[in-house]
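**Q** Here's a structure for you.
The values are calculated or read from the model by the stated rules, or taken from the named source; none is laboratory data. As the structure is a prediction and not an experimental result, all values here were calculated from the model. Note: ideal-geometry Cβ built from the backbone for every residue, glycine included; neighbour counts use all protein chains shown. We work out accessible area using only protein heavy atoms, side chains counted, and drop any ligands, DNA or RNA first. Shrake-Rupley method; radii C 1.70, N 1.55, O 1.52, S 1.80 Å.
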Amino acid sequence: MANGNAPEKVSMIVFSGDMDKVMAAFIIANGAAAFDMQVSMFFTFWGLKAIQKGNLTGKGLMGRMLGLMNRGGIDRLGPSKFNFGGMGRWMFKKMMKKRNAASLDTLMKQAREQGVRMIACEMTCSVMEIGKEDFIDGVEMGGVATFIAEASESKFSLFI
Amino acid sequence: MANGNAPEKVSMIVFSGDMDKVMAAFIIANGAAAFDMQVSMFFTFWGLKAIQKGNLTGKGLMGRMLGLMNRGGIDRLGPSKFNFGGMGRWMFKKMMKKRNAASLDTLMKQAREQGVRMIACEMTCSVMEIGKEDFIDGVEMGGVATFIAEASESKFSLFI
Amino acid sequence: MANGNAPEKVSMIVFSGDMDKVMAAFIIANGAAAFDMQVSMFFTFWGLKAIQKGNLTGKGLMGRMLGLMNRGGIDRLGPSKFNFGGMGRWMFKKMMKKRNAASLDTLMKQAREQGVRMIACEMTCSVMEIGKEDFIDGVEMGGVATFIAEASESKFSLFI
């Protein structure tokens with residue numbers, strides 16, 4: 001959909017760490033990237049789980065508690081409804097596989113290959129005691145100013 | 001607010017199936033349509049419930065389980081908070097009626113009469129085993145590319 | 001980021017009353033205001049809690065019940081995850097303080113000082129039996145038309 005020199009942009013805030021919402025975010029990101037749009041995803045609050053490696057995080061007592069309760073990693077996300085302690089995640093994965101829908105892990109890999117920018121919110125990382133080394137490769141660190149600059153130039157922006 | 005030949009556009013992704021969020025989506029859609037804007041609502045994931053007829057869906061075992069647990073139909077949606085097994089839905093309806101606020105059902109009918117486009121996400125339909133025959137009249141089927149094309153031309157886009 | 005005579009605009013619907021989401025909304029609002037953008041925040045449904053004084057609301061039986069269950073005031077908001085009956089709120093506040101992150105109360109004060117417009121949804125106020133006198137100073141009343149007009153002129157619009 002790009003029709004000039006500079007590529008058209010799309011920006012998203014991924015606030016939620018729910019499997020289904022993160023999946024929707026990556027499907028939109030990959031779709032826009034397929035149209036040669038430049039996509040920036042800003043992961044903040046619970047959304048940071050999606051781009052974490054899955055190691056334990058947190059240095060202080062509360063940071064470690066939060067790290068344990070809310071352990072990151074793309075395979076640990078559960079859906080926003082009907083999770084039933086992991087059962088929902090398993091069922092969704094199975095239904096998606098049966099219908100040849102791409103898994104969340106695959107969607108994220110496609111996004112990286114298509115050059116989708118993944119930016120981790122510096123402020124949340126500081127509060128939740130998550131460091132750059134806790135994220136998968138290619139994740140940038142950024143603040144709210146980065147989001148506002150991108151969103152102001154974007155064809156559309158979403159809060160997910 | 002249209003000031004040229006082509007109407008101005010608004011696009012929305014309705015991801016949530018919560019009564020209150022779906023209601024907010026239709027209020028915005030009807031408001032924009034009243035300004036002669038062309039509104040496209042993309043229903044995906046749990047949002048599909050809002051535009052289903054309410055019949056049982058799903059062919060395979062898991063699809064049928066999901067169809068039962070998450071039976072569709074605009075009258076089956078409960079609010080995101082204070083539902084208490086249906087009590088919240090009843091109370092909200094009653095409070096809204098008392099104040100002459102339009103019901104969700106009425107809001108949806110108004111949207112259809114004003115020409116708001118309702119598009120069901122093909123991929124979610126496939127995974128959840130919901131067919132075109134399970135939707136109310138006038139619903140179109142579409143993919144992420146349809147949304148991105150619309151959103152890129154929209155004055156504003158929302159993820160609800 | 002303003003580069004003409006009229007300031008660039010940003011608009012947000014704050015539908016959620018979760019502490020973390022309201023916090024994200026104010027962080028974005030303050031960030032945009034720092035770039036001299038004119039920010040309008042439309043508080044609706046549960047989001048109204050954030051701009052209430054915290055007094056009891058509701059005249060009829062159901063309005064009073066809702067006012068009690070969902071008592072407003074910026075300090076009463078709990079996070080969308082891990083609240084544990086208030087424990088989460090306490091922990092988040094403590095972790096944020098340790099890292100010198102601004103509290104929700106401070107973020108809201110900054111927003112007011114920077115001229116961020118806070119608009120309460122008239123229709124929700126009527127249904128939930130909340131009056132203008134129940135809001136903090138400076139809150140305007142407005143309808144969906146106000147939002148659509150603002151969003152149509154905004155660089156980006158978010159539904160939070």
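**Q** What pairs come up if the first residue lies in region C:101-115 and is in contact (Cβ under 8 Å) with a residue 12 or more places away in the chain and more than 19 Å from C:Gln38 (Cα to Cα), the second is hydrophobic (A, V, I, L, M, F, W, C) and loosely packed, with under 15 Cβ neighbours inside 10 Å, and their beta carbons are under 7 Å apart, counting only those six or more places apart or on different chains?
**A** Hits for this filter: zero, empty list.
**Q** Can you tell me which condition A:Val10 does not meet? The list is (1) touching a residue at least 60 places away in the same chain (Cβ under 8 Å); (2) out of contact with any helix residue (DSSP H, G or I) (no Cβ under 7 Å at 6 or more places or on another chain); (3) open to solvent by less than 10 Å² (accessible area, probe 1.4 Å), and all the others hold.
**A** Among (1) touching a residue at least 60 places away in the same chain (Cβ under 8 Å); (2) out of contact with any helix residue (DSSP H, G or I) (no Cβ under 7 Å at 6 or more places or on another chain); (3) open to solvent by less than 10 Å² (accessible area, probe 1.4 Å), the lone unmet condition for A:Val10 is (2).
**Q** Consider B:Gly54 carefully, then state whether it is of a type outside the set (D, E, K, R) and farther than 21 Å from B:Cys121 by Cβ. First the steps, then the outcome.
**A** Values: of a type outside the set (D, E, K, R): yes; farther than 21 Å from B:Cys121 by Cβ: no.
No; evaluated as a whole, the condition is false for this residue.
**Q** Next question, about the same structure. Could you grab me the full set of residues in region C:64-73 that are more than 17 Å from C:Met141 (Cβ to Cβ) and open to solvent by less than 20 Å² (accessible area, probe 1.4 Å)? Walk me through it before giving the result.
**A** We begin by selecting, within region C:64-73, every residue more than 17 Å from C:Met141 (Cβ to Cβ); these are C:64-71, C:73.
Matches in region C:64-73: C:Leu66, C:Gly67, C:Asn70, C:Gly73.
**Q** Go through (1) without any contact (Cβ under 8 Å) to a residue 24 or more places away in the chain; (2) over 30 Å from C:Met69 (Cβ atoms) for B:Thr124 and report which single condition fails.
**A** All conditions are met except number (1).
**Q** Would you confirm whether any residue within region C:76-83 is hydrophobic (A, V, I, L, M, F, W, C), surrounded by 14 or more Cβ atoms within 10 Å (Cβ to Cβ) and modelled with pLDDT under 75? Don't jump to the end; show me each part of the working.
**A** Of all residues in region C:76-83, those hydrophobic (A, V, I, L, M, F, W, C) come to C:77, C:82.
Those still in the list that are surrounded by 14 or more Cβ atoms within 10 Å (Cβ to Cβ) too: C:77, C:82.
After this cut, where a residue has to be modelled with pLDDT under 75 as well, the list is C:82.
Checking region C:76-83: at least one residue is hydrophobic (A, V, I, L, M, F, W, C), surrounded by 14 or more Cβ atoms within 10 Å (Cβ to Cβ) and modelled with pLDDT under 75.
**Q** Something else: On the given criteria, is A:Ile51 facing chain B (nearest Cβ under 10 Å), aliphatic (A, V, I, L, M) and touching a strand residue (DSSP E or B) at 6+ places or on another chain (Cβ under 7 Å)? Walk me through how you get there before you give the answer.
**A** Working: facing chain B (nearest Cβ under 10 Å): no; aliphatic (A, V, I, L, M): yes; touching a strand residue (DSSP E or B) at 6+ places or on another chain (Cβ under 7 Å): yes.
No.
**Q** In region A:51-63, what count of residues is obtained for those that are open to solvent by 70 Å² or more (accessible area, probe 1.4 Å) and modelled with pLDDT under 80? Before the answer, list the steps.
**A** Looking only at region A:51-63, we keep the residues that are open to solvent by 70 Å² or more (accessible area, probe 1.4 Å), and these are A:53, A:56, A:59, A:61.
When the remaining residues are screened for being modelled with pLDDT under 80, the result is A:56, A:59, A:61.
Qualifying residue count for the region: 3.
**Q** Return the total of residues in region A:29-50 being open to solvent by 10 Å² or more (accessible area, probe 1.4 Å), in contact (Cβ under 8 Å) with a residue 60 or more places away in the chain and touching a Phe, Trp or Tyr at 6+ places or on another chain (Cβ under 9 Å).
**A** Going through region A:29-50 one residue at a time, the tally reaches 3.
**Q** Can you tell me which residue in region A:49-64 is farthest from the chain's Cα centre (by Cα), limited to those that are outside any loop (DSSP other than H, G, I, E, B) and not small (Gly, Ala, Ser)?
**A** Taking region A:49-64 as the starting set, the residues that turn out to be outside any loop (DSSP other than H, G, I, E, B) are A:49-52, A:61-64.
Of the ones still in play, those that are also not small (Gly, Ala, Ser) are A:49, A:51-52, A:61-62, A:64.
Values: A:Lys49: 7, A:Ile51: 6, A:Gln52: 9, A:Leu61: 26, A:Met62: 24, A:Arg64: 22 Å.
So, considering only residues that are outside any loop (DSSP other than H, G, I, E, B) and not small (Gly, Ala, Ser), the one farthest from the chain's Cα centre (by Cα) is A:Leu61.
**Q** I want to confirm something. Restricting to region A:65-83 and keeping residues that are outside any loop (DSSP other than H, G, I, E, B) and touching a residue at least 24 places away in the same chain (Cβ under 8 Å), which single residue is nearest to A:Ala111 (Cα to Cα)? It would help to see each step written out before you state the result.
**A** First, the residues of region A:65-83 that are outside any loop (DSSP other than H, G, I, E, B): A:65-69, A:74-76.
So of that shortlist, the ones also touching a residue at least 24 places away in the same chain (Cβ under 8 Å) come out as A:66-67, A:74-76.
On the way: A:Leu66: 28, A:Gly67: 26, A:Ile74: 13, A:Asp75: 16, A:Arg76: 19 Å.
That would be A:Ile74.
**Q** Out of region B:92-107, which residues are touching a helix residue (DSSP H, G or I) at 6+ places or on another chain (Cβ under 6 Å) and either acidic (Asp, Glu) or more than 18 Å from C:Glu122 (Cβ to Cβ) (or both)?
**A** Our first condition is that a residue be touching a helix residue (DSSP H, G or I) at 6+ places or on another chain (Cβ under 6 Å); within region B:92-107, this holds for B:95-96, B:99, B:101, B:104-105, B:107.
Passing the criteria: B:Leu104, B:Asp105.
**Q** Looking at region B:1-48, which of its residues are under 8 Å from the mean Cα position of the chain (by Cα), closer than 22 Å to C:Lys155 by Cα and in a helix (DSSP H, G or I)?
**A** Within region B:1-48, just B:Ala25 meets the criteria.
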